[in-house]
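The values are calculated or read from the model by the stated rules, or taken from the named source; none is laboratory data. Because the structure is a prediction, the values reported are computed rather than measured. Cβ atoms come from the backbone with ideal geometry, glycine included; neighbour counts cover every protein chain shown. These accessible areas exclude ligands, DNA and RNA; they are computed on the full protein's heavy atoms, side chains included. Shrake-Rupley method; radii C 1.70, N 1.55, O 1.52, S 1.80 Å.
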Amino acid sequence: MLLELAGRHPLLRDSLATQSTANGLLVVDARRLLFASPLDLTATAATAHTHAAVGIRSTLLLPDSADVASYMQRMDLLRAMPRCTQVEGEVPDEIRSDRSSTLLEVEALRPDTADAVSERLGRVATHHLGLRDGRRVFKGIGELIDNAISHGTSTCGSFIAAQAYSGKTTGYRRLEIAVCDTGIGVLSHLRGNPAHCGITTSAEALDRALQPGVSGTSDMRGNGLPDLLAGTSDTAATRLVLRSGDGLLRAGRLRRAAVTRSISTATPVRGTWSWLRVSYRH
């Protein structure tokens with residue numbers, strides 16, 4: 001698992017990595033990061049809190065890019081890190097403006113905060129995607145939140161962040177949401193249901209989780225994760241990335257065509273990391 005690794009290991013990509021030091025500290029090295037997404041931020045917070053839960057302190061090396069460091073600060077990543085975290089690098093001066101219609105800063109996701117977070121995300125989605133498409137996307141967001149609350153709860157916590165893009169320069173209205181929990185993970189969750197006890201790998205578990213009607217309990221439930229892809233309109237380009245254990249799944253849907261690919265990775269993660277991006281052409 002991540003706690004046992006030594007040396008430099010990419011967190012999500014080579015420019016954002018973790019490294020264990022000789023005296024047992026965790027270093028999150030973001031110095032080479034040239035851009036940051038909601039998934040980068042929530043994964044960093046989840047990783048630091050996972051280590052803090054077993055007494056391992058973290059050091060965050062801020063990006064050399066002043067713009068990326070400023071973005072991390074504006075998205076409240078520094079506030080979301082464990083209290084014992086040491087931050088190295090230049091923290092930019094900040095003049096904070098109201099971005100509530102565009103951003104959801106990194107926030108702990110718990111049963112007592114889920115309703116307020118959902119309300120904020122609903123406003124962001126409908127403001128940027130319109131009432132009809134915003135409601136459709138919000139249904140998928142609800143699945144991410146429900147999964148984290150239902151079987152992602154742990155003493156380390158779950159974290160959520162989001163950002164909307166107007167599309168003035170790209171031609172696409174886009175919404176990105178990331179949820180990283182530190183719970184039991186998809187494999188253990190699904191194996192709690194005798195119908196899925198034959199699953200042996202996290203990659204297989206992620207692939208199974210996208211099938212309609214699959215649940216880690218014997219209760220009959222809705223489609224769950226498949227709604228993340230099918231719930232948007234035919235005009236949307238939808239991309240979903242899931243990480244759990246040593247499994248990594250990438251799924252996409254454009255109009256009626258859907259592609260899914262799951263693999264095993266060299267660096268396992270605790271819990272489940274989810275990233276959803278939905279784009280609409282202007």
Q: Could you run through the range 159-174 and say how many residues are free of Cβ contacts under 8 Å to residues at least 24 places away in the same chain and within 21 Å of the chain's Cα centre (by Cα)?
A: 0
Q. Looking at S233, is it open to solvent by less than 20 Å² (accessible area, probe 1.4 Å), over 24 Å from R13 (Cα atoms), modelled with pLDDT under 85 and out of contact with any Gly (no Cβ under 7 Å at 6 or more places or on another chain)?
A. yes
Q. Only one of these conditions is not met by E119: (1) touching a Lys or Arg at 6+ places or on another chain (Cβ under 7 Å); (2) of a type outside the set (S, T, Y); (3) surrounded by fewer than 16 Cβ atoms within 10 Å (Cβ to Cβ); (4) within 30 Å of M81 (Cβ to Cβ). Which number is it?
A. (1)
Q | Close pairs from the range 100-121: first over 16 Å from I149 (Cα atoms) and at pLDDT below 90, partner open to solvent by 20 Å² or more (accessible area, probe 1.4 Å) and not small (G, A, S), Cβ under 6 Å, at least 6 apart | A | S101/H127
Q. Residues of the range 80-99 being free of Cβ contacts under 8 Å to residues at least 60 places away in the same chain and either under 21 Å from W275 (Cβ atoms) or among the hydrophobic types (A, V, I, L, M, F, W, C) (or both), which ones?
A. M81, C84, V87, V91, I95, R99
Q) Is it true that R8 is of a type in the set (K, R) and at pLDDT below 90? A) yes
**Q.** Verdict on S166 being open to solvent by 30 Å² or more (accessible area, probe 1.4 Å), within 30 Å of I199 (Cβ to Cβ) and among the small types (G, A, S)
**A.** no
Q.
Considering only the range 19-39, I want to know if a residue exists there that is at pLDDT 90 or above, basic (K, R) and closer than 14 Å to A161 by Cβ.
A. no
(Q) Every residue in the range 54-64 that is in contact (Cβ under 8 Å) with a residue 40 or more places away in the chain and touching a Gly at 6+ places or on another chain (Cβ under 9 Å), please. (A) I56
Q) For the range 24-112, list the helices (runs of 4 or more DSSP H) that sit wholly inside it and hold at least 2 residues that are surrounded by fewer than 21 Cβ atoms within 10 Å (Cβ to Cβ); which are they? A) 66-74, 77-80
**Q.** Failed criterion for S150 (all others in (1) open to solvent by 30 Å² or more (accessible area, probe 1.4 Å); (2) in contact with a Pro (Cβ under 6 Å, 6 or more places away or on another chain) hold)
**A.** (2)
Q. Do we have any residue at all in the range 132-139 that's at pLDDT 80 or above, of a type in the set (D, E, K, R) and either within 11 Å of the chain's Cα centre (by Cα) or closer than 23 Å to A80 by Cα (or both)?
A. no
Q.
Looking for something touching a strand residue (DSSP E or B) at 6+ places or on another chain (Cβ under 7 Å), at pLDDT 80 or above and buried (at least 20 other Cβ atoms within 10 Å of the Cβ) - is there at least one such residue anywhere in the range 219-229?
A. no
Q.
Taking the conditions exactly as written (at positive phi and either surrounded by fewer than 14 Cβ atoms within 10 Å (Cβ to Cβ) or modelled with pLDDT under 85 (or both)), does G213 satisfy them or not?
A. yes
